[in-house]
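Read the figures in this text as sums done on the coordinates, not as results from a lab. All values derive from a computational prediction rather than experimental measurement. Using ideal geometry, Cβ is built from the backbone for each residue, glycine included, and neighbour counts are taken over all protein chains shown.
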Amino acid sequence: MALLEIKNLVKSFGGLKAVNDVTFHVDEGEILGLIGPNGSGKTTTFNCINNYFPITSGDVIFKGKSIKGLKTHKVCHLGIGRTFQVVKPLARMTVLENVTASAFCRVNATREAKEEALKVLEFTNLMGEKDKLAKSLPIGGRKRLEIARALATKPELILLDETAAGLNPGELDEAINLIKKMRDSGITILIIEHIMKVIMTISDRIHAINFGQTIASGTPGEVAKNQAVIEAYLGVE
């Protein structure tokens, strides 16, 4: 069953169509990879899903109902979490305080929010960093904190935007394990990623776009062999 459906999505900025008639779906419980070269419209698609950018035309369906035009915070309340490519934690607050702030999406009391935050920190292996200022974390820790903040909103679907960017090989393996752990806990995942080791390892299916348009969709093996995808990344011989 499709948890999320993107139908004929178009997002224009003036005369430029950053996303042009893109259609795909994400089934409940799966990991769908969204790939494409820089500037292909991937993050813009994310921004349209949670209405950070209002869509020009088309529709976004979540659990069978259109969420087109809903305020971003209401999309989050419905169960769609989000990380950002450029992580911006609350720098002067601790790791625990950052995640606690996100937990208020679901609870009203400080004690409950803190309890939920501690569960998330345990899940993401950040308990040892809970009292550190967010700004003191290295890039790997900040990426993990970004995921923890999204998880604290208790999403059914999480949008991960280049979670593995900037990580060393050991951190990459940890990121892959965390993403799989999230899926095993019942969270559906839509992920943008340029690192092929990550996207090919974790994805059940992959949807590829270029210049805002779909160029391929299928299993990792099928997409990796697709000529349009190869040309989009490597150019035409």
Residue check for VAL120: within 28 Å of ILE202 (Cα to Cα) and within 14 Å of the chain's Cα centre (by Cα): no
Taking into account only those residues within region 49-78 that are of a type in the set (A, V, I, L, M) and within 20 Å of ALA152 (Cα to Cα), which is nearest to the chain's Cα centre (by Cα)? ILE49
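Kindly provide the set of residues from region 181-237 that are among the acidic types (Asp, Glu) and in contact with a helix residue (DSSP H, G or I) (Cβ under 9 Å, 6 or more places away or on another chain), ordered by number. First the steps, then the outcome.
From region 181-237, those among the acidic types (Asp, Glu) are 184, 193, 204, 222, 231, 237; that's our starting set.
Within region 181-237, GLU193, ASP204, GLU237 qualify.
Looking at LEU34, LEU9 in this structure, which one is within 18 Å of PHE84 (Cβ to Cβ), crowded, with 23+ Cβ neighbours inside 10 Å and touching a helix residue (DSSP H, G or I) at 6+ places or on another chain (Cβ under 9 Å)? Before you say what the answer is, go through the steps one by one.
Working: LEU9 fails: within 18 Å of PHE84 (Cβ to Cβ).
Residue meeting the stated conditions: LEU34.
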Please note which strands (runs of 3 or more DSSP E) are completely contained in region 144-237 and include at least 2 residues that are more than 12 Å from the chain's Cα centre (by Cα) and over 21 Å from GLY128 (Cβ atoms). 205-210, 213-218
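Residues checked against (1) crowded, with 20+ Cβ neighbours inside 10 Å; (2) out of contact with any Phe, Trp or Tyr (no Cβ under 9 Å at 6 or more places or on another chain); (3) not small (Gly, Ala, Ser):
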| site | (1), (2), (3) |
| --- | --- |
| ILE80 | yes, no, yes |
| MET93 | no, yes, yes |
| ALA109 | no, yes, no |
| GLU115 | no, yes, yes |
| ASN125 | no, yes, yes |
| ALA134 | yes, yes, no |
| ARG149 | yes, yes, yes |
| GLY170 | no, yes, no |
Among residues of region 89-106 being touching a residue at least 12 places away in the same chain (Cβ under 8 Å) and outside any helix (DSSP H, G or I), the residue nearest to CYS76 (Cα to Cα) is CYS105
